[in-house]
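To start, the structure itself, in structure tokens.
The values are calculated or read from the model by the stated rules, or taken from the named source; none is laboratory data. Every value quoted in this text rests on a predicted model; they were computed, and no experiment measured them. Cβ sites come from the backbone with ideal geometry, for glycine too, and all protein chains shown count toward neighbours. Each accessible area value is taken on the protein alone, full model and side chains, heavy atoms only, with ligands, DNA and RNA left out. Shrake-Rupley method; radii C 1.70, N 1.55, O 1.52, S 1.80 Å.
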4 protein chains.
Amino acid sequence: MNDIETIVNEIESVLRHLDTDHVNDIAASLLQAPRIFVVGEGRSGLMGRAFAMRLMHLGATSYVVGETITPAIQEHDVLVAISGSGKTEQVVRVSEKAKSVGAVVVAVSANALSNLAAVADRLLLIPAATKYQVAHELGSVQPLGSLFDQCVHVALDAICLRYAAATRENNGSAFARHSNME
Amino acid sequence: MNDIETIVNEIESVLRHLDTDHVNDIAASLLQAPRIFVVGEGRSGLMGRAFAMRLMHLGATSYVVGETITPAIQEHDVLVAISGSGKTEQVVRVSEKAKSVGAVVVAVSANALSNLAAVADRLLLIPAATKYQVAHELGSVQPLGSLFDQCVHVALDAICLRYAAATRENNGSAFARHSNME
Amino acid sequence: MNDIETIVNEIESVLRHLDTDHVNDIAASLLQAPRIFVVGEGRSGLMGRAFAMRLMHLGATSYVVGETITPAIQEHDVLVAISGSGKTEQVVRVSEKAKSVGAVVVAVSANALSNLAAVADRLLLIPAATKYQVAHELGSVQPLGSLFDQCVHVALDAICLRYAAATRENNGSAFARHSNME
Amino acid sequence: MNDIETIVNEIESVLRHLDTDHVNDIAASLLQAPRIFVVGEGRSGLMGRAFAMRLMHLGATSYVVGETITPAIQEHDVLVAISGSGKTEQVVRVSEKAKSVGAVVVAVSANALSNLAAVADRLLLIPAATKYQVAHELGSVQPLGSLFDQCVHVALDAICLRYAAATRENNGSAFARHSNME
């Protein structure tokens with residue numbers, strides 16, 4: 001088995017545990033959100049940005065916490081907060097602030113018992129190895145949280161697929177919103 | 001004269017040459033824009049981001065080219081394109097693309113004879129030293145384009161001041177839009 | 001088959017076509033590089049950033065084109081340039097500039113006949129659907145270039161796995177370099 | 001007096017209060033730092049990035065907290081932490097973490113009695129209006145913390161000027177480090 005097969009096998013072994021009802025429920029709550037904010041640090045944050053970008057292509061109003069033109073979050077907005085360990089301080093703190101103004105917090109984490117899971121309204125549990133590589137996570141030969149990042153990427157793109165189906169977006173309508181200045 | 005006085009004197013000597021009618025005209029075109037996009041590389045780009053952020057606080061719909069959720073630019077949108085030399089390829093290229101879809105291009109540059117100035121609908125000429133430190137620019141003891149960046153910062157904030165006056169925004173309304181997740 | 005299974009199947013069907021010798025050769029050239037630069041636009045760029053971050057954790061000196069402290073690229077440095085279509089202008093242009101100063105260009109693309117492939121010293125061909133969804137790409141039910149992004153993510157992490165093996169980095173040494181300010 | 005004159009006058013009235021010994025002391029501590037990290041949120045953060053970029057041009061090893069390839073901060077590194085109010089939670093928290101590993105914290109703030117000032121080893125006090133527009137700050141007709149941002153910009157560039165003088169950097173050597181991929 002080469003490295004790529006190893007990684008794909010690891011991804012499959014984690015995603016098999018995903019609750020597809022949770023995936024669908026989260027897609028449903030995003031469809032009702034006036035605006036969707038995404039927060040994450042490190043590689044989790046980059047997967048969050050990829051999600052926010054695709055949601056914009058699909059017609060959503062989305063923002064990345066920390067980028068230039070991100071406004072104040074408000075009641076009924078949804079915050080998607082990504083942290084493998086569920087204890088990244090900046091992510092937990094932003095989630096608490098969002099919660100305090102009445103926003104809905106969707107956590108994406110490997111840890112159902114974390115501070116992030118505690119503050120969240122909904123949890124998408126992705127039981128993959130994080131950089132702490134602790135017992136409740138499925139193991140990985142990969143360094144740090146690579147497996148978690150890969151599984152987050154696929155899981156969030158599954159949410160996009162469902163979102164696109166519900167809004168009847170197709171490749172053409174998404175293409176029209178895609179940046180035309182690259 | 002200490003370093004700070006030297007820098008402030010340099011800034012003043014450049015800004016004295018600014019055409020305040022141009023500043024006001026640009027503010028007026030931004031007030032009519034459905035959406036405002038900003039592009040720049042390096043420190044010019046950072047000044048552009050600061051401008052886009054403040055415009056958002058003041059109620060505008062603004063975007064930074066290259067950030068995550070920036071959509072396609074369309075007819076009637078305004079692109080503010082910043083390049084001291086007026087020849088930064090990425091900035092010129094983005095301006096040409098914006099122009100080709102019918103957007104209005106406002107150039108901010110030290111060089112009235114540049115490619116950027118040529119493609120632009122409006123030019124805010126800021127004759128400060130850039131990193132090329134060429135003849136038509138006012139000299140500076142500072143390295144690279146620091147003086148240009150400083151003057152762009154003040155000039156764009158003068159546009160914000162005028163924009164805020166026209167929209168009757170005050171500190172309270174701007175504060176309400178400011179990110180509440182820091 | 002639920003959405004997640006669909007996506008994982010699509011990923012597998014593309015990655016089956018990857019040339020593992022190419023993956024290993026690219027890892028080898030990165031191991032010899034004094035510095036590694038990464039460039040990409042949109043979601044491809046985000047995957048590139050995730051790669052640059054992990055390479056830093058693994059002890060490499062890596063930079064993202066367009067970020068704040070990225071210096072001039074020089075002879076012998078490696079540029080990893082990602083573009084599904086191989087025709088993203090900014091990516092092609094940066095690759096040409098890197099090439100002109102004697103840097104090594106590694107292209108990651110779905111298109112072996114593109115401008116990007118033409119300028120590159122090495123090509124990692126990932127024949128997945130891009131946002132143009134053209135004939136030489138494997139099809140996808142997903143919007144735009146999602147499948148390409150997913151496959152790039154896994155392929156670049158396979159390179160990381162090989163890089164880590166060669167440098168004998170482990171989770172502990174990588175963790176020590178990971179940002180301690182989140 | 002037009003808007004630009006108004007802004008320049010405000011900047012001058014604040015910078016007159018700056019302690020030039022502090023400016024010089026901070027330049028001296030940066031000259032001794034193995035690595036310089038910069039943190040700030042919003043427009044303060046953008047001014048921090050402009051500073052980190054110029055320091056790189058001048059030969060320093062600098063990083064922006066939150067960017068892709070920023071490594072762990074270590075003993076003796078310097079963190080420049082910018083917050084007008086001195087109470088931006090993310091900035092205070094990062095400063096505390098940096099301090100806990102033995103890094104030197106330089107605060108740039110309008111508030112000498114803030115949490116940020118308390119954790120800092122050195123303080124560059126810039127008594128300009130912030131977005132809270134409170135009593136110990138000099139007033140401004142500008143919205144939010146624009147005056148603070150402008151004064152931070154000039155003050156940090158004065159530090160750059162001193163840094164360049166000490167390292168005998170000139171425009172040519174700085175230009176050679178400037179990104180050649182724009």
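Figures for the structure shown
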{"quantity": "Copy-to-copy label separations for B:ASN170, where each label sits 7 Å from Cα toward Cβ, in nm and ascending", "calculated": "5.2, 5.5, 6.4"}
{"quantity": "Rounded to whole Hz, the Karplus (6.51, -1.76, 1.60) HN-Hα couplings of the stretch A:144-149, x for glycine and proline", "calculated": "6, x, 4, 5, 4, 4"}
{"quantity": "The stretch B:79-94 - phi-based ³J(HN,Hα) in whole Hz, Karplus 6.51/-1.76/1.60, Gly and Pro as x", "calculated": "10, 9, 10, 10, 7, x, 6, x, 10, 4, 4, 4, 5, 5, 4, 4"}
{"quantity": "D:ALA176-D:LEU113 FRET efficiency (beta carbon distance; Förster radius 51 Å; 0.05 resolution)", "calculated": "0.70"}
{"quantity": "Within the protein assembly as shown: Cβ-based charge dipole about Cα centre, in debye rounded to nearest 20 (Lys, Arg +1; Asp, Glu -1)", "calculated": "0"}
{"quantity": "P(r) tail fraction, the stretch B:1-99 - alpha-carbon pairs more than 22 Å apart, %", "calculated": "37"}
{"quantity": "The stretch C:86-182 - convex hull of the alpha-carbon atoms, volume per residue in Å³", "calculated": "157"}
{"quantity": "Given charges at beta-carbon only (K, R positive; D, E negative), |dipole| of the stretch A:3-47 in Debye", "calculated": "320"}
{"quantity": "Contact order normalised by residue count of chain C, Cα under 8 Å, 6+ apart, percent", "calculated": "24"}
{"quantity": "Label spacing, shortest first and in nm, from C:HIS76 to its equivalents in the remaining copies (7 angstrom along Cα→Cβ)", "calculated": "2.6, 5.7, 6.1"}
{"quantity": "√(5λ) per eigenvalue of the Cα gyration tensor, the protein assembly as shown, largest first, Å", "calculated": "39, 27, 27"}
{"quantity": "Listed residue pairs exceeding 20 Å between alpha carbons, taken from C:LYS87/C:LYS131; A:LYS97/D:LYS87; A:LYS99/D:LYS97; A:LYS87/D:LYS87; B:LYS87/C:LYS131", "calculated": "A:LYS99/D:LYS97; A:LYS87/D:LYS87; B:LYS87/C:LYS131"}
{"quantity": "The stretch C:134-176 - Rg over Rh from alpha carbon coordinates, Kirkwood radius", "calculated": "1.22"}
{"quantity": "Interface D:C - total buried accessible surface [probe 1.4 Å, Å², rounded to 100]", "calculated": "2300"}
{"quantity": "Signed unit charges on C-beta, dipole axis of chain B, positive-most listed residue B:LEU55, B:ILE73, B:ALA128", "calculated": "B:ILE73"}
{"quantity": "Loop sites in the stretch B:1-71: trypsin sites (Lys or Arg not before Pro), DSSP, at most 12 other Cβ within 10 Å", "calculated": "B:ARG16"}
{"quantity": "Hypothetical label at B:GLU96: residues of the stretch C:51-89 whose amide nitrogen lies under 20 Å (7 Å Cα-Cβ projection)", "calculated": "C:86-89"}
{"quantity": "Ascending list, in nanometres, of distances separating the D:LEU31 label from those of the other copies (7 Å, Cα toward Cβ)", "calculated": "4.3, 5.0, 6.5"}
{"quantity": "For C:LEU79, distant residues with modelled amide H under 5 Å away", "calculated": "C:PHE37, C:VAL104, C:VAL105, C:VAL106"}
{"quantity": "Alpha-carbon Rg/Rh ratio, for chain A, with Rh computed the Kirkwood way", "calculated": "0.96"}
{"quantity": "Value of [θ]222 nm, deg cm²/dmol, for chain A, DSSP H segments ≥ 4, -39500 (n - 2.57) each, nearest 500", "calculated": "-15000 deg cm²/dmol"}
{"quantity": "Protein accessible area in the protein assembly as shown, 1.4 Å probe - carbon and sulfur %", "calculated": "47"}
{"quantity": "Dipole in debye (nearest 20) - chain D, about Cα centre, beta carbon charges: Lys, Arg +1; Asp, Glu -1", "calculated": "400"}
